[in-house]
Every structure is written in structure tokens, then in C-alpha cells.
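Report on the structure given below.
Any read-out appearing in this document is the output of simple, stated calculations on the displayed coordinates, not a laboratory observation. Just so you know, these numbers come straight off a predicted model, no measurement behind them. Positions of Cβ are generated from backbone atoms using ideal geometry, with glycine treated the same way; all protein chains shown enter the neighbour counts.
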Amino acid sequence: MNLSMDWIDCLAAAGHDAVHWSRVGAANATDDAIIGWARDHGQIVITNDLDVGTLLAMSGAAKPSVVQLRTDTTLSARIGPLVVQALARAEAELHSGAILTIEAERLRLRALDFTRKE
């Protein structure tokens, strides 16, 4: 909910299946509800809300993967190419379960813990 609908077109143009939360869930849904829906539907959560990645990491769950945007802007027109490139570079890890943090100057990738609950 915290990113523009413009991201759908940006991601779709790069070949990604993307859906905005406003099309599938309530605007006041909790982060846990969004995480649960993404896990159940095989989706990756892209957000600039750092709480989502923290909740997922603390839960011990292996999925869904989360992409966190930590940039000055979240406009797809400005950072879309950076995000698309980062998704391509981390594709295997994101399919397995990971938290990808995208900053203007660097990427950080952390695998989720598979030894705990899925």
C-alpha cells in the first residue's frame, strides 16, 4: 500500500507478475495479513516499510521474500531500472526466500532461515 500503482506497469514491463495490495486486500490490513497473502500466493512483497522485513525475519518463515526500498524516492520512474536490475541479480535467492534491501549505492541480500517454520 505504501508504493504507487505505477510500480505494476514498471514491473510488468520487465516480465514480472505484479499486483498492488489495494487490488487484493483492505487498505488497513496488517503487515502480517499482507505477508500471509503473499506467502499463500507465491508473491514477493516490495515495500519501503522496514517493518515488513523485520517481521518476516523474526518469524523464522522461509517465505515470502521481501524487497525493501531504502532510497530517497520510491517513484518507479526514478528507481524502476535499479529495482528491476536488482530483482534480476537476486532472482534465485528471492525464489528460495530472502530479504533484498535496495539502496541507491548498494544491495544487501539476506537469505531467510529455512530451519524454522515455513
Practice item. Could you tell me which residue of the range 1-15 is nearest to Gly97 (Cα to Cα), considering only residues that are in contact (Cβ under 8 Å) with a residue 60 or more places away in the chain and crowded, with 16+ Cβ neighbours inside 10 Å? Key: Leu11
Check your understanding: Counting just the residues of the range 1-60 that are among the aromatic types (Phe, Trp, Tyr) and within 12 Å of the chain's Cα centre (by Cα), which one comes out nearest to Leu109 (Cα to Cα)?
Key -> Trp7
Point to revise | Ala26 being among the hydrophobic types (A, V, I, L, M, F, W, C), in contact (Cβ under 8 Å) with a residue 24 or more places away in the chain and farther than 13 Å from Thr74 by Cβ | key: no
Review point. How many residues does the range 27-79 hold that are crowded, with 17+ Cβ neighbours inside 10 Å, hydroxyl-bearing (Ser, Thr, Tyr) and part of a loop (DSSP other than H, G, I, E, B)?
Key: 2
Check your understanding: Name the residues in the range 47-66 that are touching a helix residue (DSSP H, G or I) at 6+ places or on another chain (Cβ under 7 Å) and β-branched (Val, Ile, Thr), would you?
Key -> Val52, Val66
Check your understanding: Any residue at all in the range 51-73 that is in contact with a strand residue (DSSP E or B) (Cβ under 8 Å, 6 or more places away or on another chain), touching a residue at least 60 places away in the same chain (Cβ under 8 Å) and either over 18 Å from Asn2 (Cβ atoms) or not aromatic (Phe, Trp, Tyr) (or both)?
Key -> yes
